[in-house]
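One structure below.
FYI, it's all coordinate maths here, none of it is from the lab. Since the structure is predicted, the reported quantities are computational estimates derived from the model, not experimental observations. Every residue, glycine among them, receives a Cβ derived from its backbone with ideal geometry; neighbour counts consider all protein chains shown.
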Amino acid sequence: MKHLMKTTVAALALTLGAQAAQAEGELVLYHWFEYMPQELLDKFTAETGIKVTMDTFDSNEAMLASLKAGALGTYDLAVPGDYMVKIMAGEGMLDEIKDGELANKGNIQPQWLDVAFDPGRMHSIPYQWGSTSFSVNRDVFAGEINSTDILFNPPAELQGRINVLDSQGEMMAMASLHMGIPQCSTDRDQLKALNAMLQNAKSHWASFNSDTAKEVLVSGDAAAGMIYNGFSAKARDEGANVEYAYPTQGYIAWMDNVVLLKDAPNRDSALAFMDFLLEPENAAILTNWTQYSAGIDGVAPLLDEALRTLPEANPPASAGPAAFIEVCDEATQAVYDKIWTGLKK
């Protein structure tokens with residue numbers, strides 16, 4: 001994910017930046033930070049002549065808020081997580097990909113073709129998938145790390161030195177796994193206990209930050225932190241003595257997806273880019289760079305050998321179940337929103 005255009009910048013600024021690229025032979029992409037190699041964009045432009053303009057966000061919720069605030073209609077494609085695809089489709093923010101519009105749709109692996117968040121892939125294609133958990137600096141803490149206690153009831157060595165993601169969906173899902181309760185619980189006692197647990201755990205956290213989740217581990221500013229598995233691998237590559245945890249209580253599974261936005265100003269360019277990403281060679285370039293996983297057939301033989309045995313991508317037998325973030329009904333979500341707002345104060 002990338003050097004970030006901060007999400008606190010007004011949506012109007014994003015809109016004005018994107019309007020410059022609303023022309024034939026151009027593409028306007030709304031994407032996560034540090035999540036797209038320039039090599040791949042250059043390759044797409046060289047092959048098609050289509051110039052890409054890209055703005056960035058640091059959470060699914062920030063992306064949704066920006067589009068709702070006026071940016072919808074200025075971007076062609078966005079890259080939301082699995083649960084956010086379902087939300088966006090439900091709010092009428094996505095265009096439908098018609099039969100035959102993607103020549104390479106058949107390259108999508110069967111398990112990622114008819115997914116619950118976008119049945120039949122009517123609005124999206126797979127981008128990358130992986131997990132969200134946390135990593136620990138082994139120079140600071142040598143004990144057992146495969147427990148969500150690291151985040152919510154940390155040992156003394158880590159207290160006050162933990163970064164958590166500024167992402168409501170991931171934080172609430174991880175907290176629910178820790179508590180052993182449903183993600184969209186409506187039980188009053190469970191919700192009170194969840195809120196109390198989070199408020200207590202907050203006293204041990206140094207920061208809420210998504211865009212520098214890797215950097216604070218590399219610099220040593222944080223001794224532990226929530227992080228995506230590919231980012232943790234990159235932190236190790238950059239010299240941090242960190243280990244990625246697969247808690248026995250479970251961890252978060254996710255799939256990011258490229259969606260065709262409603263009123264895309266460069267719809268043909270958007271479809272061309274989606275088809276480009278569905279080619280195994282291009283999906284492999286992306287996967288080797290991100291160190292996550294692709295949902296595309298034919299990619300495995302093209303991957304770097306180190307990626308096949310990457311510890312961050314291979315959960316141990318002791319790992320708890322992988323859980324996708326769930327979409328709550330409106331009334332339940334309002335309660336979780338209130339808990340999150342109180343946590344951020």
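Just a few scattered comments:
- For the chain, the longest principal axis of the Cα atoms and the long axis of helix 168-179 meet at an angle of about 40 degrees.
- Here the extension length gained between Asp221 and Asn288 equals 21.4 nm, from 0.36 nm per residue of separation less the Cα-Cα distance.
- Euclidean distance between Cα centres, region 219-298 to region 114-160, Å: 13 Å
- Orientation-averaged projection of the chain equals 16.6 nm² [convex hull of Cα atoms, one quarter of hull surface area].
- Evaluated with a Cβ-only charge set (Lys, Arg +1; Asp, Glu -1), region 165-312 carries a dipole of roughly 600 debye about its Cα centre, given to the nearest 20.
- Taking a straight line from the alpha carbon of Lys202, these lysines sit under 27 Å away, with near neighbours fewer than eight places off in the same chain left out: Lys2, Lys6, Lys192, Lys214, Lys234, Lys338, Lys344, Lys345.
- Taking 7 Å steps out from each Cα toward its Cβ at Asp268 and Lys192 produces label points 6.2 nm apart.
- Taking the longest Cα principal axis of the chain as reference, the axis of helix 280-290 is set at about 30 degrees.
- Positive-end extreme of charge dipole, the chain - chosen from Leu198, Ala103, Ala89 (charges on Cβ): Leu198
- Under the Karplus curve 6.51 cos²θ - 1.76 cosθ + 1.60, θ = phi - 60°, whole-Hz ³J(HN,Hα) for region 107-115, x wherever Gly or Pro sits: 7, 5, 4, x, 5, 10, 8, 10, 9
- Using a simple spin-label model with pseudo-atoms 7 Å out from Cα toward Cβ, Glu101 and Leu302 lie 2.4 nm apart.
- Per-pair calculated FRET efficiency, R0 = 22 Å: Glu144 and Ser203 via Cβ, rounded to 0.05: 0.50
- With the helix formula -39500 (n - 2.57) applied to DSSP H stretches of n ≥ 4, the chain reaches a computed 222 nm mean residue ellipticity of -10500 deg cm²/dmol.
- The C-alpha atoms of the chain define a longest principal axis, and helix 330-344 lies at about 60 degrees to it.
- Charge dipole of the chain (Cα centre as origin; +1 on each Lys and Arg Cβ, -1 on each Asp and Glu Cβ, all else neutral): 920 debye, rounded to the nearest 20.
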